[in-house]
Structure formats: C-alpha cells, structure tokens
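The numbers here are math on the coordinates, done by the rules we state, and not lab data. Predicted model, so just to flag it, every value in this text is computed and none were measured. Please note: Cβ atoms are built from the backbone with ideal geometry, for glycine as well, and neighbour counts cover all protein chains shown.
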Amino acid sequence: MMSNEPLSLHASPPGLDPEALARLTELDPTGENKLLERVLRAFQTSAARLMPQLEAAHLSGDAATIRLVAHTLKSSSASIGALGLSQVCAQIEALIRAESAEGLDPLLHKMRSALASALSAIQRLLDGPA
C-alpha cells in the first residue's frame, strides 16, 4: 500500500547500491511521482512472476527460459542497485549461452539467495524507518 509520503533515502538498506538508488531518486527529486517506490514495487511484482517460471524451467531442463529469466532480472536488478543479483544473473546467462550446464545448480542457488536478500532490502526501504 502506497502512502502519501514520498519514499526517502535517509540510508540505503544493505544489499542495494546507494548510487543506483540515488540515480532513481534524481529522476523524481521531490518524490512527488513516487518513482522510486513504483520501481521497487514493480521489481517485487516481476520477481514474484519470474521465480515460479525459473523453478519450472529448472525442473524441466528448459535452458532458454532460465536464460530469459536471468536476463530479465540482470537488467532490472542492476537498475535498483541489487548488484550481486545482477552479477549472478549475468553468470547464469553466460553459462547457458555457452551451452554448458556445468555449475548451473550452484549459480541458481546463489541467484535465489541474492534475490531473497534484494527483496528483503527493498521491503525494509519501503517500510521506512521504524
């Protein structure tokens, strides 16, 4: 639920790059359009849609879908400052592009963990100071 108050960045939560968040904030300096909040919520929604696709693709050995999910998350996670997630998604994408499954399972585990950390950081930011 969006409040009437703009989201403020007194301190970036651990797990999100403050420079990336600052770039988003600069696009809506007054916070009037709630750009940062809308982008973060869109990321949450996208992740909630993409992860079941990833899990199903992993179970069925659908490398093309795994690569598509990794590619999508790579870009969106970089834009919100979830740089660790973006990097592991790039590694997954490169591995699949090289037509190798060697090391995919540990990377997918790392990706799930990085996504959970990013989503937790986003939620802390959206919840604001306690």
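The modelled label-to-label distance for the pair GLN44/SER75, using points 7 Å beyond Cα in the direction of Cβ, is 2.3 nm.
Within the listed set ALA42, ALA63, ALA78, the residue fluctuating most in the Gaussian network model of the chain (springs between alpha-carbon atoms under 10 angstrom) is ALA42.
Here the spin labels are modelled as points 7 Å beyond Cα on the Cα-Cβ line, and at GLU102 and GLN87 they lie 2.3 nm apart. Given R0 = 22 Å, the distance between the Cβ atoms of LEU59 and SER120 translates into a calculated FRET efficiency of 0.30.
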